[in-house]
Amino acid sequence: MARPRIPLTLGHLVVRLADPAAALTPESASDCLRCHHAARSALRQALGATAIPVQFAYQWHPLGDAIGEPAPESSTPTFHLFARWPGERTSPGRQLNQPAHHRVPPPESELAKLDAELRSGMQRAAASFQADRRIPGAASKVHIRTAIDPHGAHHTLTWPTLCGADLTGLAPDDLLSMATELQLLSDQPAVTGLTCLLPEAAESSESLALHAVARRAGESVNPLLHLMDQPEVSRALL
């Protein structure tokens with residue numbers, strides 16, 4: 001858990017895999033969920049965050065202006081958490097709609113003051129985290145809906161039995177199942193990788209949903225421009 005190289009807002013944190021070469025296991029999936037829980041809890045306490053969408057690239061390296069997605073940090077898989085809270089001066093969506101080299105991070109003095117509080121909050125939350133321990137291999141069923149348009153393939157993964165706005169309802173086996181489905185989608189012909197976004201649901205009774213947009217090397221149109229127009233995505237980021 002850390003700040004990205006160029007934080008887009010005061011509420012922008014990242015969770016990186018410690019060893020990108022290692023296969024995802026129930027243990028590493030549990031650790032990933034623990035880090036997410038800790039960062040989320042700290043952002044809620046420090047900023048009063050009411051929503052924290054998550055964005056990440058799967059086998060995709062943002063290029064050029066990187067409109068609609070964070071600039072690449074490194075080759076290490078990175079999950080970007082964007083806290084949203086009353087009184088924020090800018091939004092992640094406003095920053096992401098600008099070319100990467102035009103994005104301006106918050107003042108260092110404000111980041112330093114907040115980071116001390118976030119570190120303390122993350123340590124407390126990580127120590128108290130208990131992963132959802134279901135029967136091994138009993139991952140929740142995932143449904144995939146695919147829309148094909150001139151912008152490319154837009155997949156929506158939903159977990160009907162998991163109602164809630166965020167990843168907190170996932171067990172390690174659910175994360176492993178998600179990774180398997182994303183691998184299958186990225187293995188489709190002419191697909192280089194995926195840009196993924198988990199917006200928070202407007203209601204806690206809604207099923208968990210993940211948007212996965214197919215990316216292609218040399219694509220002439222950035223499909224994220226269309227994704228940002230989707231109501232649930234616009235609400236989450238803008």
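The values are calculated or read from the model by the stated rules, or taken from the named source; none is laboratory data. Everything numeric in this text was worked out from a predicted model, so none of it was measured. Glycine gets a Cβ as well: all are built from the backbone with ideal geometry, and neighbour counts include every protein chain shown. Areas reflect the complete protein model, heavy atoms only, side chains present, ligands, DNA and RNA absent. Shrake-Rupley method; radii C 1.70, N 1.55, O 1.52, S 1.80 Å.
Please report, in whole Å, how far the alpha carbons of the chain spread along each principal axis, starting with the longest.
Reported extents, whole Å, longest axis first: 47, 47, 37.
What does the charge count near Ala2 come to, summing +1 for each Lys or Arg and -1 for each Asp or Glu among other residues with Cβ under 14 Å from its Cβ?
With Lys, Arg at +1 and Asp, Glu at -1, the neighbours total +2.
Using only the alpha carbons of the range 70-123, determine the length spanned along each of the three principal axes and report them from longest to shortest in whole angstroms.
On the principal axes, the range 70-123 reaches 32, 30, 19 Å in Cα extent.
Quick one: net charge of Ala71's neighbours, Cβ under 10 Å, K/R +1, D/E -1?
Surrounding charge for Ala71 is -1.
Given an 8 Å cut-off on Cα distances and at least 6 residues of separation, report the relative contact order of the chain as a percent.
Reported as a whole number, the value is 25 percent.
So, R0 is 30 Å and r is the distance between the beta-carbons of Arg16 and Ile148; what FRET efficiency does that work out to, to 0.05?
0.40
Provide the per residue accessible area, probe 1.4 Å, for the chain, rounded to a whole number of square angstrom.
The answer is 48 Å² per residue.
Within the set of other residues whose C-beta is less than 11 Å from the C-beta of Ala212, count the net charge using Lys and Arg as +1 and Asp and Glu as -1.
After counting each charged neighbour, the total is +1.
In a GNM of the chain with a 10 Å cut-off on Cα contacts, which of Ile144, Ile52, Ile67 has the highest mean-square fluctuation?
Among Ile144, Ile52, Ile67, the largest GNM mean-square fluctuation belongs to Ile144.
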